[in-house]
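Notes follow once the structure below has been shown.
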Amino acid sequence: MSSGKRTFQGISWKCLLPGALALFFYAGAVLAFGSMMEEPSVSVFLSGAYPEENRAEEILETLEQTEAESSACFYWDGGMITLTEPDYGRSAQVMAAGILGDGSLYDKRIHGFWEKDKEGCVIDGDTAWKLFGTREAEGRQLVYGEKTYQVRQVLPWKQRMILIRPEEENTMYTRVFLKNEKLQDSKTAEQFLMAYGLNGTVVDSGFLISAARMLLLIFPGIVMGILFLKANRERRICRKEQAAAFWMWTGACVLIVAAAAVLLWKNMEIPQEWIPSRWSDFQFWSDKFRELEEKVRLFLMLPKTVGQAENISGFVKCVGCSMGSAFIGILALLSKRERSKRTSA
């Protein structure tokens with residue numbers, strides 16, 4: 001009796017512990033994926049002649065007057081600066097940035113920071129804590145340069161920064177964020193640049209979320225594979241002697257395959273641009289992969305927005321946890337097969 005109990009306990013620990021660890025890692029991957037945000041716009045790094053304040057305002061006014069489906073937000077990089085709290089003199093070193101246009105195209109969490117608001121600013125939680133001793137700092141005042149700003153919003157950014165509406169006419173904007181209600185890709189950006197005589201490079205970070213979504217399918221795929229092998233083995237055992245059990249396990253195999261197909265159908269999205277117009281165009285795929293490689297290289301090389309930096313962090317966590325859950329699942333499967341071989345021997 002005690003021997004049977006020890007065997008039961010041993011099987012429980014050997015099966016349940018790896019399963020619990022794998023589920024723990026997979027839950028971490030799901031949470032990391034959930035923290036990643038869809039980019040609210042297409043990011044374009046301008047080159048050549050950067051538009052100044054007046055030119056950027058003209059472009060935005062033209063978009064409004066023509067009732068175009070596109071909207072834009074120009075971005076200015078102010079570098080590292082020092083903020084000061086006027087009452088107690090506390091200070092913080094942060095990155096300064098300025099926007100002109102719809103702020104939600106820079107970060108969709110921005111609200112209450114209107115396009116003509118020259119007196120307000122948005123800061124991160126760590127800067128608010130360092131300056132005011134609290135992250136609930138909306139309405140508080142701070143000094144940047146020779147001007148006093150009022151905090152409109154505190155966002156959970158992972159880096160210290162302040163976002164303002166620049167006032168100087170000679171402010172040069174080095175980036176623009178674009179959004180089109182019907183189309184949001186490089187074609188929209190190219191049309192915008194041509195229409196207003198600008199030059200720039202489109203940087204797309206959407207591949208991060210697509211890659212993370214594919215990684216999340218690895219662990220469920222391993223689990224479904226294990227269940228299918230188990231059901232198929234039982235089906236073969238029952239083939240000759242137990243007809244009812246045979247059809248039950250056959251149905252289980254069909255259900256597992258159907259569930260896997262639905263999972264792939266719901267999560268695998270093939271963009272229209274990745275479907276060749278002619279299947280005989282064998283150069284199509286190599287060109288597409290070179291294009292994707294160039295996009296990844298540009299994305300890694302060029303400066304990131306706060307949202308993009310947070311997505312990179314979430315992607316790294318998702319990769320680590322997904323691979324961890326898959327590795328534990330594979331080890332548990334191999335260990336179980338080794339024990340089965342020893343038992344049969």
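Within region 288-329, being at pLDDT 85 or above, farther than 22 Å from MET95 by Cβ and surrounded by fewer than 17 Cβ atoms within 10 Å (Cβ to Cβ) holds for VAL319, GLY320, MET323, PHE327.
For beta carbons closer than 9 Å, sequence separation of 6+ or different chains, a first residue in region 206-218 that is among the polar types (S, T, N, Q) and a second that is assigned to a loop (DSSP other than H, G, I, E, B), the qualifying pairs are SER210/GLU269; SER210/PRO271. A single member of LEU105, LEU63, LEU83, LEU100 is in contact (Cβ under 8 Å) with a residue 24 or more places away in the chain and within 19 Å of GLU190 (Cα to Cα), and it is LEU105. Restricting the search to strands (runs of 3 or more DSSP E) fully inside region 80-198 and requiring at least 2 residues that are among the β-branched types (Val, Ile, Thr) and touching an Asp or Glu at 6+ places or on another chain (Cβ under 7 Å) gives 147-155. Residue-level check: of (1) without any contact (Cβ under 8 Å) to a residue 60 or more places away in the chain; (2) exposed (fewer than 15 other Cβ atoms within 10 Å of the Cβ); (3) among the small types (Gly, Ala, Ser), ALA128 misses just (2). Take GLU85 and decide whether it is touching a helix residue (DSSP H, G or I) at 6+ places or on another chain (Cβ under 7 Å) and surrounded by fewer than 17 Cβ atoms within 10 Å (Cβ to Cβ). No.
Does region 269-280 contain at least one residue that is among the hydrophobic types (A, V, I, L, M, F, W, C), over 28 Å from THR174 (Cα atoms) and either at pLDDT 85 or above or touching a Pro at 6+ places or on another chain (Cβ under 9 Å) (or both)? Break it down stepwise before answering.
Step one: filter region 269-280 for residues among the hydrophobic types (A, V, I, L, M, F, W, C), giving 270, 274-275, 279.
Then keep just the ones that are over 28 Å from THR174 (Cα atoms); that gives 270, 274-275, 279.
Restricting the remaining residues to those that are either at pLDDT 85 or above or touching a Pro at 6+ places or on another chain (Cβ under 9 Å) (or both) gives none.
No, region 269-280 has no match at all.
The values are calculated or read from the model by the stated rules, or taken from the named source; none is laboratory data. Values in this document were obtained by computation on a predicted structure and should not be read as measured data. As a convention, Cβ positions derive from the backbone with ideal geometry for all residues, glycine included, and neighbour counts pool all protein chains shown.
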